[in-house]
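These notes are about the structure you will find just below.
The values are calculated or read from the model by the stated rules, or taken from the named source; none is laboratory data. This one's a predicted model, so the numbers in the text were calculated from it and none came from an experiment. Methodologically, a virtual Cβ is constructed for each residue, glycine included, from the backbone with ideal geometry; neighbour enumeration extends over all protein chains shown.
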Amino acid sequence: MNTTQAPATSLQDIIAHAKEYGFVFPSSEIYDGLQAVYDYGQNGVELKNNLKTLWWKAMTQLHDNVVGIDASIFMHPLTWKASGHVDSFNDPMIDNRDSKKRYRADQLLELKAEEYEKAGDVARGQALRDELGRLQGAEDMDGLRNLIIAEGIKDPISGTDNWTEVRQFNLMFSTQVGSVAEDASLIYLRPETAQGIFVNFLNVQKTGRMKIPFGIAQIGKAFRNEIVARQFTFRMREFEQMEMQFFVRPGTEMEWYERWRDARLKFHQAVGLPAEKLKFHIHEKLAHYANAAVDIEFQFPFGFREMEGIHSRTDFDLKSHQELSKKKQQYFDNDIDEATGKPYGNYIPYVVETSVGADRLFLAVFCNAFTKETVGEGEQQKERTYLKLHPALAPVKAAVFPLVRKDGLPEKAEEIIKSLRSEFRVIYEERDAIGKRYTRQDLIGTPFCIAVDYQTLEDDTVTIRHRDTTEQIRIPIRDLKAYIGQEVSMERVLEQM
């Protein structure tokens, strides 16, 4: 099959395809939707669940010193005081007086830096980023506003630079808990999943008889009141995190930080993201709790953006919870310190964090899989669109087609469906010409299509078509389960990590 690659994919292509083929829908669309909130459709939820399952296996199944928990979304409000979210979980916002629109000041400046870099003036772009980092570090809101004006940044709607002062907005959603409104207490929807791990550190360590170093993994929802949320599922107000906090002996954190940094890059490559679309971005400006941080960025249609963060969080979190709760968060390490000949004794462990957004990983995998090709030659040329998903991640593993809807072919196809259903998600299709059925499955990323024809009735063989190459081979029905199972196995992915 002769193919040529189509032009670069736009984010609008991705959004349109995701909706049309049951991957992602705008939330509450019949009421005109809710900005930056999305629902996963019948195919999207399967793809996302496959990614979450693969991450969970990579963390807990491949490592005998990592276990999982599922902490509550609601936590005692002092949790967020200890973590620093109450006092410092803010974004710098600026309004345009003419359009009445609100923007994140730092994002306006980052976009301007990108403009310089795309125009070839990398030095000017980096200089702007450096100045932005300096002003943010100093919490100089006036300086941010003056920099926006000095750079000639105008509101895209009004076209003016009639900006207000820059103000900090806390990103946490608050609600109330209690049966009577007057007696209700202020409580927050968690802005991250990490704190649920930290407050359960000793519960897990003691009940699991865990020995440092060890990790605690969690997949769960988090909520942030993003004032400016954009770029589809990349930045949402309700999102899902896949995090692991790895507790280590103080002084060994950088070794583990580097190990987990490299391991996480291998994960993304194993799920099918190409090396040339991934890169490390080392943080120059560190969060208050970190002594080292790096992002794994993916090249989305809108540029390289953070997909996962790896952070050396020191002992900040456990120490803060110990101070505020007045309950010790220490571990007794009876290993012998060679320097002293005595046990290491009691200490608050240091933490290395890996945190990947499930929604961002979904978007990265979806964008990377979206493929448009021109196939054929001369008058036979046509454009082909398909999702080149890793078979282990595909929402549907196989579709079974009777060639025609008569002569016992549908019944034979149903028998095959029943034999495969306990192992894989498979579907039955009989409408339209078989070519159109193949196309529909290509568009949702189904790796295998199984055609049942008259020869099947004679010798119990079927034609199986491969999505990526459109190659077709003939195999016995009795071999289908093993053939498909080998191709779609998550274990094959895990072996690459």
Residues Ser158, Ser185: which one is in contact with a Gly (Cβ under 7 Å, 6 or more places away or on another chain), surrounded by fewer than 19 Cβ atoms within 10 Å (Cβ to Cβ) and not aromatic (Phe, Trp, Tyr)? Ser185
Can you tell me which residue within region 287-311, out of those that are under 16 Å from the mean Cα position of the chain (by Cα) and free of Cβ contacts under 8 Å to residues at least 24 places away in the same chain, is nearest to Gln231 (Cα to Cα)? Gln299
Pick out the one residue from Ala263, Ala339 that is among the aliphatic types (A, V, I, L, M), surrounded by fewer than 19 Cβ atoms within 10 Å (Cβ to Cβ) and in contact (Cβ under 8 Å) with a residue 24 or more places away in the chain. Ala263
Subset of region 1-43 [assigned to a helix (DSSP H, G or I), farther than 21 Å from Gln299 by Cα and modelled with pLDDT of 95 or more]: Lys19, Glu20, Gln42, Asn43
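Residues are listed down the side, and each one gets a yes or a no for (1) crowded, with 16+ Cβ neighbours inside 10 Å; (2) outside the structural domain of Asp142 (by TED's automatic domain parsing):
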site	(1), (2)
Lys81	no, yes
His85	yes, yes
Tyr103	yes, no
Leu111	no, no
Lys118	no, no
Gly125	yes, no
Leu128	yes, no
Take Val400 and decide whether it is at negative phi and surrounded by fewer than 16 Cβ atoms within 10 Å (Cβ to Cβ). no
Residues that are modelled with pLDDT under 85: find the strands (runs of 3 or more DSSP E) completely inside region 58-174 holding 2 or more of those. 90-95, 102-104, 167-170
Restrict the check to region 478-490 and report whether at least one residue is aromatic (Phe, Trp, Tyr) and over 15 Å from Phe401 (Cβ atoms). yes
Check on Ile464, under 29 Å from the mean Cα position of the chain (by Cα) and either of a type in the set (D, E, K, R) or over 30 Å from Ala263 (Cβ atoms) (or both): no
For region 190-224, give me each residue that is free of Cβ contacts under 8 Å to residues at least 60 places away in the same chain, in a loop (DSSP other than H, G, I, E, B) and surrounded by fewer than 17 Cβ atoms within 10 Å (Cβ to Cβ). Arg209
Take residues that are in the same structural domain as Thr439 (by TED's automatic domain parsing) and not aliphatic (A, V, I, L, M) and tell me which of the strands (runs of 3 or more DSSP E) falling wholly in region 294-400 contain 3 or more. none
